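Some notes on the structure that comes next.
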Amino acid sequence: MARRIETAAPSAPEAAQRSGRERCSCRCRVVTPMFGGVQTGVVDPVTPVRGTTVRGRLRFWWRATAGAECATADELFRKERDIWGGLTGPGETREEDGPDGHPSDVAVRVRLEGKGSDQSIEQLTGEHRSLPYALFPFIENKQQNCRTGVAFQLELEYHRKHRNDVHRALWAWCNLGGLGARTRRGCGALYCENFAPPDTTDPAQLASWVERHLGRPLAVEGGRPWPLVAAGLWVGDRSAATLNAWDQALGRLRHFRQGVGLGRNPGQGKRPGRSRWPEPDSIRRAARSHSGGHDPRDHMPQWGFPRAAFGMPIIFHFKDEKHGDPGDTTLAPPTDNGDAEGRNAGRMASPLVVRPLVCRGGEKALPMVVQLATPGLPEGIRLEGTGRARDVDEHDVIHPRFADYPDSPLQGHSKRGSALEGFVRFLEESGYREVGS
């Protein structure tokens, strides 16, 4: 069990009217562009932040923090229900539960202090070369604007026995999560002075900050069927303005996946070079079709999709489709892979969080990459769009053969042929330091 957290409260708890209950409040500011929230892809200009949304985000980050103390999914379910509410389990009888199950112990109130304003994506990305890597779904959908400058006061009321649980969830949400869509790529990132780290790149000081708020060292063993904080956390070697720090962190992932000389060959003029990853040629083989000069290369693995480890679905688009290359092809888990309510069906959220970690004072941020400890690859991954669906299993995603061919992005980075492992090694070669190492 984690030790008691003594310094994680956003403010000194105030005595609530009801016995045994207390309140805490903190001011939060959205520091990167926000997309969506109440409605997918669209920010509500009147109410960009709602209490129900905040509760859902806190609930997720509670699982990812306090959930490390639960050995089984049943234990997690019981604790989560007692704090955040939920249905009574099969065969259980609880007199305090109503017809809709057990009510949440945590009351969430949001007082909006700033609705923010629209900003054009073109203006935002014009100064930051790597931001389009996070914003590409909105660019492809021809979305013109995002929301910036949203600020709100958050007040929570709960029983004092749940203080540590609530504060851990708050700390993780404010520093690792966000609001709206694409938060794992840094959109809608938050800043809260009460939980912010010192402006330092010293891993020991940052590890102390993590332990003080999380109640345990950062690294935790996985093996749970839900994500945990964290398999690792890395920060860049200097702080910068928030958007610059975000751009730098995204730039590392972008370069590893697509950068010239690592992820792809040099191109000619505006025409990009061929990918050094095995997925495009694997798709060409499956479709039995390729454009002139893009025949599958013999030195590459015949079948492989290592970048699936970064999250799915992945939509592969070939620029030379009109000249013989395959059409759009999708790699994704099955649509019945979601939970009982259908959420996340056909998706595997990325285990990587890439965002700015805003330091105390709110002026500077550290480029940050977090790897969550996740359950691993889902079963039933399929490649669709080649005329006949093809199965993709774990050995098609992680295997030594992906690291032992000439010019492989994983060569020298991961003997196991793991894209995640290779990216972490690449980060460290780029000067990023692991917190707590």
Inset, instruction - Choose one of 398, 143, 169: the residue whose Cα lies farthest towards the positive end of the charge dipole of the chain (beta-carbon charges +1 Lys, Arg; -1 Asp, Glu; about the Cα centre). - result: 143
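Scale the Cα Rg of the stretch 213-293 by the rule-of-thumb value 2.2 N^0.38 Å and send over the ratio, two decimals.
Values: Rg = 19.2 Å, N = 81, 2.2 N^0.38 = 11.7 Å.
This ratio for the stretch 213-293 stands at 1.64.
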Inset, instruction - Hey, can you find the accessible area per residue of the stretch 341-412 for me, probe 1.4 Å, expressed in square angstrom? - result: 46 Å²
Inset, instruction - Normalising by the residue count of the chain, find the relative contact order in percent from Cα pairs under 8 Å and 6+ residues apart. - result: 18 percent
Legend entry - Share of carbon and sulfur in the accessible heavy-atom surface of the chain [1.4 Å probe, %]: 45 percent
Legend entry - Fluctuation leader among 356, 266, 367 - the chain, Gaussian network, Cα springs under 10 angstrom: 266
Legend entry - For the chain, built as a Gaussian network whose Cα springs stay under 10 Å, the top-fluctuating residue of 374, 329, 32: 329
Legend entry - Estimated D of the stretch 156-217 in µm² per second, where Rh is the Kirkwood radius over Cα pairs and Stokes-Einstein applies at 4 °C, 1.567 mPa s: 101 µm²/s
Legend entry - Crossing angle, helix 73-84 versus the chain [Cα axis fit, 0-90 degrees, rounded to tens]: 50 degrees
Inset, instruction - Could you tell me, in Å, what Rg and Dmax come out for the Cα atoms of the stretch 205-250? - result: 13.4, 37
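Compute the Cα gyration tensor for the stretch 345-437, then decide on rounded, prolate or oblate, letting a ≥ b ≥ c be the square roots of its eigenvalues: rounded whenever a/c is under 1.5, prolate when a/b is larger than b/c in the other cases, and oblate in all that remain. Each step should come with its number before you reach the end.
Working: a/c = 2.72, a/b = 1.57, b/c = 1.73.
Oblate, since a/c reaches 1.5 and b/c is not below a/b.
Can you classify the stretch 245-392 as rounded, prolate or oblate using the Cα gyration tensor, where a ≥ b ≥ c are the square roots of its eigenvalues, rounded means a/c under 1.5, and otherwise it's prolate if a/b beats b/c and oblate if not?
Details: a/c = 2.52, a/b = 1.28, b/c = 1.97.
Cα axes put the stretch 245-392 in the oblate bin.
How much area per residue is accessible in the stretch 175-241 when the probe is 1.4 Å and only protein heavy atoms are counted (Å²)? Could you put the intermediate results ahead of the total?
Details: 2170 Å² over 67 residues.
Dividing the accessible area of the stretch 175-241 by its residue count gives 32 Å².
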Legend entry - Computed [θ] at 222 nm, deg cm²/dmol, the chain (DSSP H ≥ 4; -39,500 (n - 2.57); rounded to nearest 500): -7500 deg cm²/dmol
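The values are calculated or read from the model by the stated rules, or taken from the named source; none is laboratory data. Note that the structure is a prediction, hence the values are computed from the model and not measured. When we count neighbours, we look across all protein chains shown, and the Cβ atoms used for this are built from the backbone with ideal geometry, even at glycine. The protein model used for the area step is the full one, side chains on, heavy atoms only, and it has no ligands, DNA or RNA in it. Shrake-Rupley method; radii C 1.70, N 1.55, O 1.52, S 1.80 Å.
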